[in-house]
Each structure stands twice: as structure tokens, then as C-alpha cells.
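As C-alpha cells, the structure follows; a few thoughts come after it.
Values quoted throughout were computed directly from the atomic coordinates according to the rules given, and no laboratory measurement underlies them. Just so it is clear, the model here is predicted, and its values are computed rather than measured. Backbone-built Cβ (ideal geometry, glycine too); neighbour counts: all protein chains shown.
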Amino acid sequence: MNHIQSPDTTDPGIEREIVAKGLTAPRIKPDDLVAAIKDVEYIVHKAQSGQVLRWAVLILQNGFAVTGRPSVAVSPENDDEEIGLKVALENSKQELWPLLGYELKTRLHEASIKDACERSCEGG
């Protein structure tokens with residue numbers, strides 16, 4: 001079940017502010033987050049108490065799986081599948097931001113080492 005939607009995991013006002021201020025250094029953008037997701041699987045559990053818990057398992061392009069906190073309908077009467085799936089998806093997307101940030105920082109670090117090596121080789 002794939003429910004990947006437009007990048008709504010960040011406040012659109014913040015994204016506009018970043019762009020308006022000309023902050024152009026490498027960063028993870030909402031579209032990058034969506035592009036990293038290959039598929040979404042959902043796990044649903046109904047507890048003995050009647051609570052309904054839903055997890056979204058994000059399958060990334062590289063095959064790695066990420067999940068966040070579940071959505072929980074404490075009162076079964078309030079359970080709504082569509083809302084529960086949306087909340088579970090957003091919770092899992094929030095877990096993806098730091099992973100993509102780590103990946104970007106690693107690429108930037110490796111590029112700086114390569115640049116430093118090339119500069120030292122040119123001067124030698």
C-alpha cells in the first residue's frame with residue numbers, strides 16, 4: 001500500500017523563508033525526502049484495550065527500512081483509518097530527516113577530502 005504524498009513534512013512557510021533568504025548551501029529539501037522513499041508498508045495492531053496502532057514502514061530507494069512512532073486511536077470510536085495512516089506516515093518521515101542529513105554530511109565530507117587531495121597533488 002503506497003501512500004507517498006507531496007512533501008508535507010515541513011512547514012511550507014519555513015521552506016519559503018529559506019528560499020527567500022537565499023540559503024543555498026547544500027541541504028535536505030522536502031522533495032529529497034519524498035524521492036528517497038521507494039514504497040510504504042503499513043502495520044496495524046488492535047490492542048486488547050481496543051486501541052488501534054498504525055506504523056508506516058518506509059522502504060527507501062537503497063532498500064533500508066525506516067519507521068517512526070505509531071499513530072494511536074486511544075478511543076476505538078475515534079479511529080479513522082485514513083487519518084491514522086497519514087499520522088503514521090508523517091511520524092516515519094520525521095525519522096528520515098536526520099538519516100538523510102547524515103548521508104549529505106558524509107558526501108560533503110568525502111568531497112572536501114577529495115578536493116584537498118587534488119589541491120595537494122597539483123602543488124606537489
Glu110 of a type outside the set (Phe, Trp, Tyr), part of a helix (DSSP H, G or I) and farther than 20 Å from Val57 by Cα: yes
Flag if Ser75 is hydroxyl-bearing (Ser, Thr, Tyr), farther than 24 Å from Ile28 by Cα, out of contact with any His (no Cβ under 7 Å at 6 or more places or on another chain) and surrounded by 15 or more Cβ atoms within 10 Å (Cβ to Cβ): no
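Using the structure shown, decide if Ser92 is more than 23 Å from the chain's Cα centre (by Cα), among the hydroxyl-bearing types (Ser, Thr, Tyr), in a helix (DSSP H, G or I) and under 30 Å from Ala35 (Cβ atoms).
Criteria not met by Ser92.
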Residue list for the stretch 78-103, restricted to those being surrounded by fewer than 14 Cβ atoms within 10 Å (Cβ to Cβ) and among the aliphatic types (A, V, I, L, M): Ile83
